[in-house]
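Have a look at the structure below before the remarks.
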Amino acid sequence: MCARFPGGPLPVWTLARAAAALLLALAGCRQAEEPAEAAGEPRRGGTAVVGVRADFSGFNPIVTTDQYGIEVNQYVLFTPLVQYDEDLNARPYLAESWELLGDTGVVFRLRRDVRWHDGRPVTAEDVAFTFERAKDPRTASLLASAFLEPVRSAEVLDAHTIRFRFVRPHAQALEDFWWAPVPRHLLADVPPDRLRTAAFNRRPVGSGPYRFVEWRPNERVVFERNPDFPEGLGGPPYLDRVVFRVIPESATTAIWAGV
C-alpha cells in the first residue's frame, strides 16, 4: 500500500475497504496528511491523494463507461440500490429491504434518510427515471446491456417503494440492481441522446458519502466528506477529502507515490 486511510469500522459502507480497492487498481497514491497511529481509536481527518493515468470521462451512473469512474460512482458519489458483502452476496444499501415476487419480479423499499447533495430526498421516482433512461436505446447506456436486459419495467408504488418486473426468470435477480440512481429533478430535461454530454456529468450532484467539489481537466478531481450521510449507512466517513490526480507518466507516478 502506498497510502493509509484514517478510519474505523462502519456497519455497511467501509471507506477504507472501498478506497483500498480503488488504490489497488489505480496507478499510485499517497497520504497527504500525517498518518493515523497503527493501533488505537480511529480519528477523523486527512486527505487521500490517488494517482490516475488518465482523466475521468464523467460521473453519471447511466452513461459512465471508464472503470475508475464507475468505481467512484458506486462507492464515493452515489448510493446504489444494493452493495456486496465480503462473500459477494447482495446486501441492503439505498434499498433497505426487498421482496422477490417468485421469478417474476422484485419490490424494493428505499431508505427514507438518503438525500441528494443539494438537499432533495432520493425517491422511487429517481430510481424509475434512471431505469427508464438507461433502457432507452437512444441513451446507449452500459447499464442496459450489463444489468437491465432481463428487467422489463419499473413501477413506482409510492415515494419509497418500487416494483421491477422481469422479462424472464434469471439467476442474478438482486445482482442486476447494483447500480445507482441519478437525480430526476436535475436530469429530466436532458434528452436521452444528449445525456452523455450533459453538464451534470462534470458537475455531478450525488447522494453518497462524498460530495463533488472541483474538477480541473487533466489535473485533478476533488471530493469532500458528506456530513449528512446517514448513520444507517455508516455515517459521514472519517476521511475529509479524496483527491484524484492525473499523472500520465508511469515513471512520474512511481516517484510521486514514493515507490
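Bear in mind that the values in this text are calculations on the coordinates, not laboratory data. As the structure is a prediction and not an experimental result, all values here were calculated from the model. Ideal geometry is used to build each Cβ from the backbone, glycine not excepted, and the neighbour counts take in all protein chains shown.
Checking every one of the trypsin sites (Lys or Arg not before Pro) in the range 78-178 against DSSP loop status and a limit of 15 other Cβ atoms within 10 Å picks out 112, 138. If you sort the three axes of the alpha carbon gyration tensor as a ≥ b ≥ c, you get a/c of 1.5 or more for the range 127-259 and a/b above b/c, which makes it prolate. Sorted from greatest to least, the principal axis extents spanned by the alpha carbons of the range 106-203 come out as 38, 31, 18 Å. At an R0 of 41 angstrom, the distance between the Cβ atoms of residue 43 and residue 189 translates into a FRET efficiency of 0.40.
Here the spin labels are modelled as points 7 Å beyond Cα on the Cα-Cβ line, and at residue 96 and residue 218 they lie 4.8 nm apart. Checking every one of the trypsin sites (Lys or Arg not before Pro) in the range 190-237 against DSSP loop status and a limit of 15 other Cβ atoms within 10 Å picks out no site at all.
The GluC sites (Glu not before Pro) of the range 32-132 that DSSP puts in a loop, and whose beta carbon has at most 10 other beta carbons within 10 Å, are 37, 86. With a simple spin-label model that places each label point 7 Å from the Cα along the Cα-to-Cβ direction, the separation between residue 89 and residue 202 comes to 4.5 nm. With the simple spin-label model, which puts each label point 7 Å out from Cα in the Cβ direction, the residue 103 to residue 165 separation comes to 1.8 nm.
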